[in-house]
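Okay, so here's the structure we're looking at.
The values are calculated or read from the model by the stated rules, or taken from the named source; none is laboratory data. The shown structure was predicted, so the numbers you read here are calculated from the model rather than taken from an experiment. FYI the Cβ positions are ideal-geometry reconstructions off the backbone, even for glycines, and counts take in every protein chain you see. Quick note on the areas: whole protein, heavy atoms, side chains included, nothing else; ligands and nucleic acids left out. Shrake-Rupley method; radii C 1.70, N 1.55, O 1.52, S 1.80 Å.
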Amino acid sequence: MGLYKPTFTSYKFSALLYYHQQHHFLQMFSATLSASFSLLSQPNNRRSALFFARTKRTSLVTSALTREKVAVSQDVMADSPNLSFPILVNGVTGKMGKAVAEAAVSAGLELVPISFSSVDKPTRTLQISDIEISVHGSSEREEILSSVTDKYPDVVVVDYTVPDAVNANAELYCKFGVPFVMGTTGGDRPLLYKTVQDSNVYAVISPQMGKQVVAFLAAMEIMAEQFPGAFSGYKLEVMESHQATKLDTSGTAKAVIACFQKLGAIFDMNEIQMIRDPEEQIYMVGVPEEYLSGHAYHLYNLASPDETVSFEFQHNVCGRSIYAEGSIDAAIFLHKKVQSKAEKKIYDMIDVLREGNMR
């Protein structure tokens, strides 16, 4: 399709944000935010075309930087042999669960050869590296998890199942006192937190496990808190593209939008442009074909009321390694908290980032 190519002067800048740790705050992190200032001379009805034109142009560059999968480093594990603890990945039959299981093996953790299915199917097996995982139906969960906790008393569970199973799974883990990392999105989140709090079980709960994306979100939240109204009156446009199997709207996009709204930008959550069609993802968004089944492309475009100034914020992810590595870091973090008998029990990925041991 023919996309409008604007004639304007564009100024690019990168801002390095620092945030120093004060007691329990972030020790230090930096996030590079790329933005474009544009002097626009074209009418409003061309803005959508410009929005997608920029998406395709810049996403090709970003994709080139993210297409290489990064193996999970074993150096940290070598320095800390006591971290070789058992980990059970629930949802290993899914692509995300499988990626986490593979990352656990690469990190030197002891992968428990057990997983569960959200439906009641006969036990089946799945191969991860040289480990054969037995996948049990929902009716066997309590009996099997009980035997797992007897054999692996220090086990940590990482959950990547389905939204409908979030609360039931959390209740199961809490019933047996098993610390867990909840990477699955959806479910009744207030009930999830109440279940964990009432049971006094350790947990890391986060809808976003990508460490770098979490750092970006943290930077956005700091900006929103320190500069409320900085984008007052600005019109916001948001596009997010994920694999066709992701039916819900990106939680990350919602979190970023909430920050922009605190900054004064005008936006209705119902206006998020969800791209799930593979052809549109290739030709309009610029997603590499090999990553159609697993990607997360986000573009946020802000324009001043008179359209003389615009900003763009973009983050693109191809593959699942960023989330798998973050999940393993979260599990290691949680294991340390359990071993140290930390007073705090419920954590998120910001807490993991604060620890300063990111690999």
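For this structure, a couple of remarks:
- Filter result (closer than 25 Å to E171 by Cα and open to solvent by less than 30 Å² (accessible area, probe 1.4 Å)) within the stretch 95-107: G97, A99, V100, A101, A104
- Qualifying residue in the stretch 252-268 (condition: buried (at least 20 other Cβ atoms within 10 Å of the Cβ) and among the polar types (S, T, N, Q)): yes
- I282, sole failed condition from (1) open to solvent by less than 20 Å² (accessible area, probe 1.4 Å); (2) of a type in the set (V, I, T); (3) modelled with pLDDT of 95 or more: (1)
- For the stretch 69-98, the tally of residues that are in contact with a helix residue (DSSP H, G or I) (Cβ under 9 Å, 6 or more places away or on another chain) and modelled with pLDDT under 90 stands at 12.
- Some residue of the stretch 296-316 being free of Cβ contacts under 8 Å to residues at least 60 places away in the same chain and β-branched (V, I, T): no
- Among residues of the stretch 323-344, those that are within 20 Å of N90 (Cβ to Cβ) and touching a helix residue (DSSP H, G or I) at 6+ places or on another chain (Cβ under 8 Å), counted: 12
- The stretch 301-348, subset over 15 Å from V156 (Cβ atoms) and acidic (D, E), residue surrounded by the most Cβ atoms within 10 Å (Cβ to Cβ): E325
- Here F311 clears all of (1) part of a strand (DSSP E or B); (2) under 22 Å from the mean Cα position of the chain (by Cα) except the condition numbered (2).
- Search result, residues across the stretch 245-267 that are of a type outside the set (S, T, N, Q), assigned to a loop (DSSP other than H, G, I, E, B) and at pLDDT below 95: K246, L247, D248
- Residue in the stretch 99-121 that is assigned to a loop (DSSP other than H, G, I, E, B), at pLDDT below 95 and acidic (D, E) present: yes
- Residues that are among the hydrophobic types (A, V, I, L, M, F, W, C) and surrounded by 24 or more Cβ atoms within 10 Å (Cβ to Cβ), drawn from the stretch 286-298: V287, A296
- Where a residue in the stretch 265-287 is among the aromatic types (F, W, Y) and its partner, wherever it lies, is assigned to a helix (DSSP H, G or I) and open to solvent by less than 50 Å² (accessible area, probe 1.4 Å), with Cβ under 9 Å and at least six apart: F267/I257; F267/F260
- Taking the numbered list (1) over 15 Å from Y297 (Cα atoms); (2) out of contact with any Asp or Glu (no Cβ under 7 Å at 6 or more places or on another chain); (3) among the charged types (D, E, K, R) in turn, E240 passes all entries but (1).
- When the stretch 285-310 is filtered for residues that are more than 24 Å from T249 (Cβ to Cβ) and of a type in the set (V, I, T), the ones remaining, listed by number, are T308, V309.
- Helices (runs of 4 or more DSSP H) lying entirely in the stretch 125-240 (those with 2 or more residues that are within 24 Å of the chain's Cα centre (by Cα) and either touching a residue at least 40 places away in the same chain (Cβ under 8 Å) or surrounded by fewer than 18 Cβ atoms within 10 Å (Cβ to Cβ) (or both)): 166-175, 189-199, 211-226
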